[in-house]
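Presented below is the structure to which this report refers.
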Amino acid sequence: MSGSLFEPNRPEGSGDPSRDPSGAPGATGGETPVEPYRPSSYQSQYASGYPSREALAAHAAQSGHDPHDEDAAPLLGGPEPARRRGRTVALVGGLLGIVVLGSGGAFAYSALSGGGAQPESVLPSTAVAFAKVDLDPSAGQKIDAVRFLRTFPKVKGKVSEDADLRKVAFEALQKDGTLKGVDYAKDVEPWLGQRLGVALVPGASAKDEPTPVIALAVTDGDAARKSLPSLATGLGGACRVLEDYAVCTQGKDGAVLDGVVTATGKGTLADSADFRKDMADLGEDGVAAAWFDSEKAAPVMAMLGGAAGVLPSGAANPAGSGRTAVALRFDGPNLELAGHVNGAKTQFMGTQRVGAALSRLPDDTLAAISVANAGDQLKAAWPEMEKGLRTTLGSQQFEDGLSQVQDALGISVPQDLAAALGSQFTVAFGGMGTDGAPKVAVVGNGDQAVLQKIATAGSVLTSPDELAFRPGQGRSVLAFTDDYATEVATGKGLGGMPGFKDSVRDVDKARVAGYVDISGLVAAFKDESGSSKQDAADIANLAALGFSASGEGNSADFSVRLTTK
C-alpha cells in the first residue's frame, strides 16, 4: 500500500538539537493499541490492507539511505528557500489540488465500498489535524455525486458519470497556470491512485513549525518515482514510495521525511484511540472526511499562517475545544456536511429544542434561524464575552458602550437581555413588503415586559415607523411592520414544506437550526440580482440550505445540507 507523508522544509545543513534522537517531529511515542470499537460503516474500511507497525518500523530503520536515491527522489530541483512557509503552502496545496479541486465546484470522492488501505494508516498518531478524499466511491455514491454536479450548467459539460475526476481537477489547475509542462496522460495517470490524505504533525518542540504530511496513493511505484519530481518542480520537497503510498514531505535532504516515517512506525493515526472513537461516532465517512483536535491544532496551525487553509479549521467547532470529525456525503440530490464533536468544554444549556418554534412559522418564510435556551446560553457565556470585549475594546470603552446600550433600550445587560431571549428565540425573514419594508420578525417566549421596552425603544430609533409588538400566550412577535407581525403570529406550515424537511436534519432534536429557501429568495429578488447569466443558471438549480446542531454534555452533532431541485 502506498503512503504519503508531507512535512515542512529546513535550510540545507541546518541541525535541530531540539528534535528527539529519531528525528521525528513530535515523536513522543506511539499510543497504546486500543480495544476494538463498536462495529460501524466506518469500521469496514479497516478490515484489511493496513501496513503493520513492524513493517513501518523496519522501513524507518533504513533512515541512513542516500537522500538522492530513487526512493527519496526530490520533489523538485532548484535552490531551497530560506523560509519554509510559502513552499509548504504551495506543495500541500498543489498536490492536494491534483485530486481535490475541480472546475465549477467539482468535488473529490471518498471510498464508501471499503477495502484497501486508508491514508490514516501511514500517518503518525501525533497528527493534530487530518483530511482525506477518495476518487473511487461505491457506484451509488459516485452516481449521486456526478448527478448532483451535473445539475450545474458550468460543470455539466465537463463531468460525465464515467468521468475521471482526477483529470478534470488536473486540467482545471493547469488552466489556472499550475503544473505547466506536466502531461496528465504521461506523467500522472499511470501511477496516481484514488486516495489522498493530508495531516498536520507538531514540530519537535513548541518553537518548531509543524509538518504538513501528504499520503498520496500510487498504483505503480516505479512510474511514481519517475514522475513525482516533475510534478513538484520548484517546490523543494522529497517523496518516498512506501508500499501503496507516496510518502511526501518538504526538505530535499530527506531528514524530515525520515522523522515522519519513524514517528509513524511508533503509532499510526489509525491506531489512535481518540481518532477511532471520533470517526466511529461520526458514522459514514461519506465522500470526504476530516478530523482535528481543536486545542492541539490551534497553536500549530497559527504558526503555519496561510498553510492552515488547506487543513480543517476550528470554524467547524465554534466552541474551539474538543475533537471534531466531519464528513461530506451525497444523499440523492442533496449534499450534506455532517460533523460530530467530542470533549467540548462549552455545552448546550437547558432542555428546550427548536423544532416547534421553526416548524410553526408561515410556510412562505424565506429564511429563519432559531436558538433554544438562548437566555441561559447568554448568561453562561457572558463572563467570557465580557472578558473578550474588555480585552479588545479596553475596559473604559466597553463600559461606556454598555451604558449607552442600556440607556437606549431601558434594560440591563445581560440580565434583562437574557430574560428577553427566553428559552425559545427565533428570527424570521419573509421577503420585502409591498411598501418596500423588509418583513423581519423576532419570535420567542421571553419576558414580555422587557420585550415591550425594547419595542418602545426601537420605535424611537426607527421613527416615524413604530415596531409592532404582538404579545401572546407563551409566544410573542416583534416585527418591523404590523402586517408581518400578524402574519407570523397567525401563520404556520413551514415544518411541512418539502424544502424545509429535506434541508433541516432532525429539527426536533436540534438546539440550534436555520433554514434558507434559496429558490424562494431567487424568485423574490430576481430583478435585483447582479449575478452573471452563468451564475444565475447554477443558482437556479438550488432548492434550499439548512443547518442544525444538537447535543448533550460535551458531545454534539451538526449538519449542513444543500438541496437541489
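The values are calculated or read from the model by the stated rules, or taken from the named source; none is laboratory data. On a predicted model such as this, the values are computed, not experimentally measured, just so you know. Every residue, glycine among them, receives a Cβ derived from its backbone with ideal geometry; neighbour counts consider all protein chains shown. SASA here: full protein model, heavy atoms, side chains in, ligands and nucleic acids out. Shrake-Rupley method; radii C 1.70, N 1.55, O 1.52, S 1.80 Å.
Data table
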item	result
Heavy-atom accessible area per residue - the stretch 492-565, 1.4 Å, Å²	51
Fraction of accessible area attributable to carbon and sulfur, the stretch 168-217 (%, probe 1.4 Å)	47
Heavy-atom accessible area order for Val198, Val522, largest first, 1.4 Å probe	Val522, Val198
Calculated from backbone phi, Karplus (6.51, -1.76, 1.60) coupling profile of the stretch 211-227 in Hz, x at Gly/Pro	10, x, 10, 10, 10, 10, 5, 10, 10, 9, x, 5, 5, 5, 4, 6, 9
For q = 0.19, 0.27 Å⁻¹, Debye-computed log10 I/I(0) when each Cα of the stretch 168-229 counts as one equal scatterer	-0.83, -1.13
Cα-centre dipole for the stretch 432-565 with unit charges at Cβ (Lys and Arg positive, Asp and Glu negative), debye to 20	340
The stretch 401-544 - percent of accessible surface contributed by carbon and sulfur, probe 1.4 Å	55
Rg to Rh quotient for the stretch 504-565, alpha carbon positions, Kirkwood Rh	1.15
Solvent exposure, largest accessible area first (probe 1.4 Å, DNA, RNA and ligands not counted), of Arg561, Arg195, Arg353	Arg353, Arg195, Arg561
Average Cα contact separation per residue, the stretch 334-493, under 8 Å, 6 or more apart, as relative contact order %	23
Alpha-carbon Debye profile of the stretch 321-418, log10 I(q)/I(0) at 0.17, 0.21, 0.24 Å⁻¹	-1.07, -1.17, -1.22
Solvent exposure, largest accessible area first (probe 1.4 Å, DNA, RNA and ligands not counted), of Glu243, Glu384	Glu384, Glu243
Straight-distance crosslink candidates among lysines, where the alpha carbon sits under 20 Å from Lys345 and sequence neighbours closer than 8 are dropped	Lys277, Lys296, Lys379, Lys387
For Asp331, distant residues with modelled amide H under 5 Å away	Glu336
Computed accessible area, Arg360, all protein chains, 1.4 angstrom probe, square angstrom	120
